[in-house]
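Enquirer: Input: one structure, supplied below.
The values are calculated or read from the model by the stated rules, or taken from the named source; none is laboratory data. A quick note: this is a predicted structure, and the numbers were derived from the prediction, not measured. We place every Cβ from the backbone using ideal geometry, glycine too, and count neighbours over all the protein chains shown. The protein model used for the area step is the full one, side chains on, heavy atoms only, and it has no ligands, DNA or RNA in it. Shrake-Rupley method; radii C 1.70, N 1.55, O 1.52, S 1.80 Å.
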Amino acid sequence: MVRSLGMALFLASLAMPSSASEDVASPESFFGFEPGADGEMARYPAVLEYLKQIAASSDRVLYQEIGKTTLGNDYVLLQISSPENLARLDRLVEINRRLADPRGLPEAEARVLVEEGRPFYFLYATIHSTEVGNGQAIPLIVHRLATEDSPEIREILDNAVLLLVPSQNPDGQVMVIDHWYQTKGTSRSRVYPDLYHKYVGHDDNRDWFMFTQKETRLNIEKIQNVFKPTVTHDMHQMGQTGARIFVPPFQDPYDPNVHPLLVSGQAQIGLAMAGALAATGKEGVTYNDLFDLYAPARQYMVYHGQPRILTEIASANLADPYRSPTNQPLGPQESRWNFPTPYTKTDWRLSQIVDYGMTAVFGGLSHLAKYRREWLSNFHRVHRDWVERDEPPYAFVIPKEQRDPHALRQLLEILDFGEVEIHRAQADFSAGGTRYPAGSFVVPLNQPYGAFAKTMLEVQVYPDLRYYPGGPPIPPYDVTGHTLGYLIGVEVDRIDEPLAVTTARMESPAPEDRPVPRRPKWAYVIPAETNAGFLALNRLSKDDVPVFRAGAAFESGGRSFPPGAFLVPPSAKSQKILEEIASTSSLPVFGADSAPPVEGFRMKRPTRVGLYKAANNMPAGWLMWLFENYGFQHEVMSSADFASDLSKSYDVIVLPSGTTKSRMIQGLPPDQYDDKWRWAFGIGDAGWAELKRFVQGGGTLVAIGSAVATARDLLSLPIAPVLPEAPSRFGRGAGRRDERPPVQAAEVERLFKESFQSPAALVKAIESRVVDPTSIFYCPGSLLKQEFDVAHPVAFGMPGSWPVFFAFDQAYRIEPSFDVQARVVSRYPDEEKQVASGWLLGDELLRDQANVVWFQVGKGTAVTLGSQVDFRSQTPATFKLLFNAMVQGPATKLAPAELARLR
Ligand SMILES: [Zn+2]
């Protein structure tokens, strides 16, 4: 992999301007209003124009466009420091890089580098586009740094370097602010109603370990991995009614892989910010509250030597003021050690968001500049501790023979992108009682970014945090299980003893390419185990090459293939396509010279997928991305589609998690949104009836997560939920953790026991709120054990057992039915412990219950995936369940003799 340092530094050092800073226009004269003024927002292109102007006239500011976003906007980086520091930026970055990898660096030399170096403060704003205030603060921050000659600013410029990304999601900033101005003076809603990132919306900051989106990749590949900043500060906004600003320290739990110096470091910078806010009379500052430091989905930097600095400022009504509906002062009114000054006013405006944001940023910058030696020295210490690590686990071994080489390739690419060094064993060796052949992949943990490798490869044991023993769980801020091998579908072994084998580091880690066999006599065979089989199916279908699947296991050429292998008739065209996919995706292809005596399927060419997407439904956005990546022929459905025969356009319709009956029928209110949003208006009762007709007439409906209840309702599916429904007030981010009602522990235990004899008693207790249902069952995002019926087409290619992702989902039992036939495809095992990684309360309730179920409904089929097997598209190991469900519906069954003809 080419490291992009050279290029970035070259661009950065182009044309150093030197004109006097007095030439810089004030933000107010440039934009025509002071950023933060009520009702006004500077548009993203104008912000860039202004920043370019500053860079052109100031010798403290460098501007560079470092890439394009998903929708083609400029992704921009500013570098701000004293002219002297900018002139030696290459050297300063070199020092950062040396300190980040202290192997072979004597301590004395490190001290010299610390003295010569400067810490880098990496700041980015508005990854969440409706959190508009921080984006407005950016021009003011840059203007102040470019023009002010106070001792405070000189200290910052001389002693630190600011890396600044004016928006981490420019596309959304454009959408939200454009919508604001388009609806100005109308009766329409001013709030942009859809995902403010093309694919992932608000989940754009849940991507920091899978690296799926362009903006994530630019941030990491072009900034984090190049400049090696000392601190990363991510500016956010939160709700309207709580504290006015959150700064670190975070509350428990923190990932134990975060180095102690970074745990204390985030508190130091956060409290320096709190101090600056207090010193300027700003009320309502909270810390050690609301947010935790656990999931890598939200925090790349803490595994790369930096504390995570999160600021969350209360929101207004976008650019309009927010006024307390009760006319009482906003937020909690009792002071406590981590909230010393309650906010005393009853309103809150954009200018205050800007002001709080600026104060926090300058508080953080001043702290970093004042303690520059300590910060660089700590940065070095964190990495030195990792490279000198000498305790179990010592390493992870990834066997080179995996069920799916495509999955193995994905896992290696993710680790490599996160700058984890991957080695290969030079000889056979034994570790932990297992014998590994030469060529096995080895990830030693004594390396600079061992923290990232460790948190991604190990099993999470989430602390059992309760309000009181036996009581309700204290909710985590995000998910609790992220074991990469489980998520992707790769076997990874933890090694608790020093490795006794020579290894060599790989420059571009990937599985060996397996040649596609030359024109077998009967068919190419793609094993069902590989997700890349769907890449091949979709690509071949698009190019009009027929594709078949074996309906049962068979042997060929001394190799056994589990049920569901893809079969492709040999031709020059199919050979070329398969070779192409194999070279980029590690698609395994075998040849069979004769047909096995098994039944099979002719796949529809192509399967036409309708993706139902309600406005602002993130699971649907992730599925758009996933379907594009795997080349499915799919369309995001419009409500107008439901007004005519759905079967004319679609073979299968997918209802993502979050799709409810009422949202489908009602949709966006037409009096609030103009015709541009017609696609998201309600389908009405007639549309609901048409969807039912579509399935009964032969179509396929696939429902995921909470949409299973919708499908059940639509088709009267014979399944019943077995888990207590958590009222939404107990959901994630439900407010301050000490606002929960107290419940007697003994009462919980009694009811829990009783519930096995009488589920009705439990339901009654929950309904009357005697019991917080989360103390009975709770799973906020974990990997749970699962068993699959691999002979069923929906589970083709799955192992007999493998974890599935489960986040506030539901499990089911099958009920008797005369007219709908049901078949369980996967279930929770009949075991005491259900969790594979993460946190789960109430294992017993899942025991032997159904998850994935297939139904025959009239002439059509429905498949319900109770847990989110596609969660944030971060679960490749279980994508096959969804993909199989989609493509099997319209496939044609073939007898062995028909399959043998491959026509
Ligand atoms: Zn946010």
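Enquirer: Looking at (1) away from the ligand (no atom under 16 Å from the Cβ); (2) in a loop (DSSP other than H, G, I, E, B), which is the only condition V112 fails?
Expert: The one condition V112 does not meet is (2).
Enquirer: Look at the stretch 287-310 and say how many of its residues are charged (D, E, K, R) and under 25 Å from S377 (Cβ atoms). Write out each step before concluding.
Expert: First, the residues of the stretch 287-310 that are charged (D, E, K, R): 289, 292, 298, 308.
With the extra rule that they be under 25 Å from S377 (Cβ atoms), the set shrinks to 308.
The number of residues fulfilling the criteria is 1.
Enquirer: With F632, F642, F627, F566 as the choices, which residue is crowded, with 18+ Cβ neighbours inside 10 Å and without any contact (Cβ under 8 Å) to a residue 24 or more places away in the chain?
Expert: F627
Enquirer: Follow-up. Mind checking which residues of the stretch 798-835 are of a type in the set (G, A, S), open to solvent by less than 20 Å² (accessible area, probe 1.4 Å) and part of a strand (DSSP E or B)?
Expert: Of all residues in the stretch 798-835, those of a type in the set (G, A, S) come to 800-801, 807, 811, 817, 822, 826.
With open to solvent by less than 20 Å² (accessible area, probe 1.4 Å) added as a condition, the list becomes 807, 811, 826.
The answer is A807, S826.
Enquirer: Being touching a strand residue (DSSP E or B) at 6+ places or on another chain (Cβ under 9 Å), in a helix (DSSP H, G or I) and more than 30 Å from Q410 (Cβ to Cβ) is the filter here, so list the residues in the stretch 875-899 that pass it.
Expert: Of everything in the stretch 875-899, those that are touching a strand residue (DSSP E or B) at 6+ places or on another chain (Cβ under 9 Å), in a helix (DSSP H, G or I) and more than 30 Å from Q410 (Cβ to Cβ) turn out to be P896, E898, L899.
Enquirer: If you don't mind, another one. Given the condition away from the ligand (no atom under 16 Å from the Cβ) and free of Cβ contacts under 8 Å to residues at least 60 places away in the same chain, answer yes or no: does some residue in the stretch 116-131 qualify?
Expert: yes
Enquirer: Listed residues R349, R336, R323; which is within 23 Å of Q251 (Cβ to Cβ) and modelled with pLDDT of 95 or more?
Expert: Just a single option satisfies the conditions, and that option is R336.
Enquirer: Here are some conditions: (1) more than 16 Å from the ligand (Cβ to nearest atom); (2) crowded, with 21+ Cβ neighbours inside 10 Å; (3) assigned to a strand (DSSP E or B). P253 meets all but one. Which one does it not meet?
Expert: (2)
Enquirer: To continue, here is another question. Looking only at residues in the stretch 287-313 that are touching a Pro at 6+ places or on another chain (Cβ under 7 Å) and part of a strand (DSSP E or B), which one is nearest to the ligand (Cβ to nearest atom)?
Expert: L310
Enquirer: What strands (runs of 3 or more DSSP E), lying completely within the stretch 455-559, carry at least 3 residues that are open to solvent by 20 Å² or more (accessible area, probe 1.4 Å)? Lay out the reasoning, then the answer.
Expert: Working: elements: 493-495, 503-505, 523-526, 548-550, 554-556.
Per the criteria, 503-505.
Enquirer: Within the stretch 781-792, which residues are crowded, with 24+ Cβ neighbours inside 10 Å and at negative phi?
Expert: S782, L783, L784, Q786, F788 - these are the residues of the stretch 781-792 that are crowded, with 24+ Cβ neighbours inside 10 Å and at negative phi.
Enquirer: Then there is this: Has the stretch 168-176 got any residue that is at pLDDT 95 or above, open to solvent by less than 10 Å² (accessible area, probe 1.4 Å), more than 16 Å from the ligand (Cβ to nearest atom) and touching a Ser or Thr at 6+ places or on another chain (Cβ under 9 Å)?
Expert: No, the stretch 168-176 has no match at all.
Enquirer: Another question, then. Quick check on my filter: what residues within the stretch 202-249 are surrounded by fewer than 23 Cβ atoms within 10 Å (Cβ to Cβ), within 14 Å of the ligand (Cβ to nearest atom), in a helix (DSSP H, G or I) and not polar (S, T, N, Q)?
Expert: Residues satisfying the conditions are H202, D203.
Okay, residues lined up against (1) closer than 30 Å to R466 by Cβ; (2) surrounded by fewer than 20 Cβ atoms within 10 Å (Cβ to Cβ); (3) at pLDDT below 95:
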residue: D848; (1), (2), (3): yes, yes, no
residue: N851; (1), (2), (3): yes, no, no
residue: K859; (1), (2), (3): no, yes, no
residue: S867; (1), (2), (3): yes, no, no
residue: D870; (1), (2), (3): no, no, no
residue: S873; (1), (2), (3): no, no, no
residue: L881; (1), (2), (3): no, no, no
residue: M886; (1), (2), (3): no, no, no
residue: P890; (1), (2), (3): no, no, no
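Enquirer: Look at V161 and say whether it is over 19 Å from D38 (Cα atoms) and either within 16 Å of the ligand (Cβ to nearest atom) or buried (at least 21 other Cβ atoms within 10 Å of the Cβ) (or both).
Expert: Yes.
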